[in-house]
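Okay, structure first, notes after.
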Amino acid sequence: MKILIGITQDVEATKNKLSTQYKGLGTSTEAGPFKTKDEALNWKNFMINRRDNYVEIKTSAPSGSEAYWFGITVESPETH
């Protein structure tokens, strides 16, 4: 099993997008909120360095948005 990992400013929209891209997603976990993108990136990099079964996902955020950031992980039984 692989674990998808990324950062986002809209957790629900990211979950919805992932559910259409990947079939059979399992449990999801959110971390945060983080005040800055750099803080969220530090969390993601820390998590990736702890284990080797993470697959990084790319997420987009509105340009110049001041909303909080969140880390997200989602179990994926399929290899993508």
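Since every read-out is calculated from the coordinates, none of them should be taken as a lab result. These numbers come from a predicted model, not from an experiment. In this analysis, Cβ positions are derived from the backbone assuming ideal geometry, glycine residues included, and neighbour counts consider all displayed protein chains.
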- Specify which of the listed residues (E75, E66, E30) is touching a helix residue (DSSP H, G or I) at 6+ places or on another chain (Cβ under 7 Å) and among the acidic types (D, E). E30
- Pair list, Cβ under 6 Å, 6 or more apart: region 26-44 residue free of Cβ contacts under 8 Å to residues at least 40 places away in the same chain, other residue surrounded by fewer than 16 Cβ atoms within 10 Å (Cβ to Cβ): P33/Y68
